[in-house]
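**Q** Sharing a structure here in structure tokens format.
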Amino acid sequence: AGNYRLVVCRTVGGLTCCDTASVTVIADTNVPPTPAPIAGDSSICFGQNGTFSVATVAGATGYTWTLPAGVSFNSGQNTNSISVNWNSQNGGNICVTADNACGSSPPVCIPVTVDTIVVPAIPTGNTVVCAGATHTYSAAALPAGSTYNWTVAAPAILVSGQGTNQISVIWGNTPSGNVCVNTTGACGASAQACLPVVITSIPAIPMVSG
């Protein structure tokens with residue numbers, strides 16, 4: 001390590017002219033230390049972009065990131081912060097090493113899981129009801145953070161329970177109707193799951209002959 005100078009001179013007709021070039025060499029015989037833990041989301045939705053980063057490592061001149069299969073870089077390879085597109089249904093590890101001319105540090109990794117849209121099961125409850133009657137319908141429990149969205153066709157009326165896994169419905173006088181539910185969560189809204197319901201009414205007054 002130290003300062004080095006190259007001097008080039010030429011003498012013509014008794015006159016000497018010189019030029020110089022200098023460089024400073026810093027002693028560094030070690031690979032960089034392992035980066036600090038990676039900052040970023042440990043769960044991500046399929047198709048979503050995510051950002052992952054590490055603090056700057058002393059002595060590092062670059063960084064090498066490795067991604068699971070199906071995950072691609074948007075930007076940032078060879079820097080301490082990357083943006084990726086998670087176009088894979090599977091989770092995996094994102095890893096990074098700090099690099100310099102002497103080699104690479106041991107890697108540090110973060111495991112990432114893939115969230116998906118949760119589709120509810122078909123609601124349960126009475127499928128044959130009387131017009132004007134009140135009945136309860138329920139959906140199976142879903143992971144925390146999921147919201148239930150119920151719909152019933154007019155003239156049926158959803159009396160209570162919107163946003164929960166159980167509702168009460170007053171049925172109208174149409175021949176049939178559906179009780180439908182879908183869910184919303186971190187990755188968006190699911191398709192609807194519907195239960196068909198047949199609606200009956202009091203028979204007409206009979207006519208007596210004789």
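The values are calculated or read from the model by the stated rules, or taken from the named source; none is laboratory data. Quick caveat: nothing in here was measured; it's all calculated off a predicted structure. In this analysis, Cβ positions are derived from the backbone assuming ideal geometry, glycine residues included, and neighbour counts consider all displayed protein chains. We work out accessible area using only protein heavy atoms, side chains counted, and drop any ligands, DNA or RNA first. Shrake-Rupley method; radii C 1.70, N 1.55, O 1.52, S 1.80 Å.
**Q** Small (Gly, Ala, Ser), over 24 Å from GLY145 (Cβ atoms) and without any contact (Cβ under 8 Å) to a residue 60 or more places away in the chain, is that true of SER75? Let's see the steps before the verdict.
**A** Details: small (Gly, Ala, Ser): yes; over 24 Å from GLY145 (Cβ atoms): yes; without any contact (Cβ under 8 Å) to a residue 60 or more places away in the chain: yes.
Yes, satisfied.
**Q** Within segment 102-120, take every residue that is more than 22 Å from SER42 (Cα to Cα) and touching a strand residue (DSSP E or B) at 6+ places or on another chain (Cβ under 6 Å) and give me the one that is most open to solvent (accessible area, probe 1.4 Å).
**A** SER104
**Q** So, one more: Is it the case that ALA69 is open to solvent by 50 Å² or more (accessible area, probe 1.4 Å), touching a residue at least 12 places away in the same chain (Cβ under 8 Å) and within 30 Å of LEU142 (Cα to Cα)?
**A** On the way: open to solvent by 50 Å² or more (accessible area, probe 1.4 Å): yes; touching a residue at least 12 places away in the same chain (Cβ under 8 Å): yes; within 30 Å of LEU142 (Cα to Cα): yes.
For ALA69, the condition - open to solvent by 50 Å² or more (accessible area, probe 1.4 Å), touching a residue at least 12 places away in the same chain (Cβ under 8 Å) and within 30 Å of LEU142 (Cα to Cα) - is met.
**Q** Only one of ALA55, ALA39, ALA1, ALA21 is out of contact with any helix residue (DSSP H, G or I) (no Cβ under 6 Å at 6 or more places or on another chain), aliphatic (A, V, I, L, M) and closer than 19 Å to ASP99 by Cβ; which?
**A** Numbers: ALA39 fails: closer than 19 Å to ASP99 by Cβ; ALA1 fails: closer than 19 Å to ASP99 by Cβ; ALA21 fails: closer than 19 Å to ASP99 by Cβ.
Exactly one residue qualifies, and that residue is ALA55.
**Q** Can I ask one more? Could you please find all residues in segment 57-84 being part of a loop (DSSP other than H, G, I, E, B), among the hydrophobic types (A, V, I, L, M, F, W, C) and closer than 18 Å to PRO106 by Cα? Steps first, answer last, please.
**A** First pass over segment 57-84, keeping only residues part of a loop (DSSP other than H, G, I, E, B): 57-61, 67-70, 76-80.
From what is left, the residues that are among the hydrophobic types (A, V, I, L, M, F, W, C) are 57-58, 60, 67, 69.
Correct list: VAL57, ALA58, ALA60, LEU67.
**Q** So, one more: Go through segment 112-157 and give me each residue that's aliphatic (A, V, I, L, M) and assigned to a strand (DSSP E or B). First the steps, then the outcome.
**A** From segment 112-157, those aliphatic (A, V, I, L, M) are 112, 114, 117-119, 121-122, 128-129, 131, 133, 139-142, 144, 152-154, 156-157; that's our starting set.
Correct list: VAL112, VAL114, VAL128, VAL129, VAL152, ILE157.
**Q** Among the residues of segment 172-181, is there at least one that is assigned to a strand (DSSP E or B) and of a type in the set (A, V, I, L, M)?
**A** Start the filter on segment 172-181 by keeping residues that are assigned to a strand (DSSP E or B), which leaves 176-181.
From what is left, the residues that are of a type in the set (A, V, I, L, M) are 179, 181.
Yes, segment 172-181 has at least one match.
**Q** Taking SER190, is it of a type outside the set (Val, Ile, Thr) and either open to solvent by 80 Å² or more (accessible area, probe 1.4 Å) or touching a Ser or Thr at 6+ places or on another chain (Cβ under 7 Å) (or both)? Lay out the reasoning, then the answer.
**A** On the way: of a type outside the set (Val, Ile, Thr): yes; either open to solvent by 80 Å² or more (accessible area, probe 1.4 Å) or touching a Ser or Thr at 6+ places or on another chain (Cβ under 7 Å) (or both): yes.
Yes: the conditions hold for SER190.
**Q** Okay, moving on. Scan segment 125-152 residue by residue and report those that are open to solvent by 80 Å² or more (accessible area, probe 1.4 Å) and closer than 16 Å to ASN182 by Cβ.
**A** The answer is ALA141, and nothing else.
**Q** Of the residues THR34, THR29, which single one is surrounded by 10 or more Cβ atoms within 10 Å (Cβ to Cβ), among the polar types (S, T, N, Q), touching a residue at least 60 places away in the same chain (Cβ under 8 Å) and in a loop (DSSP other than H, G, I, E, B)?
**A** Numbers: THR29 fails: surrounded by 10 or more Cβ atoms within 10 Å (Cβ to Cβ).
Among THR34, THR29, only THR34 is surrounded by 10 or more Cβ atoms within 10 Å (Cβ to Cβ), among the polar types (S, T, N, Q), touching a residue at least 60 places away in the same chain (Cβ under 8 Å) and in a loop (DSSP other than H, G, I, E, B).
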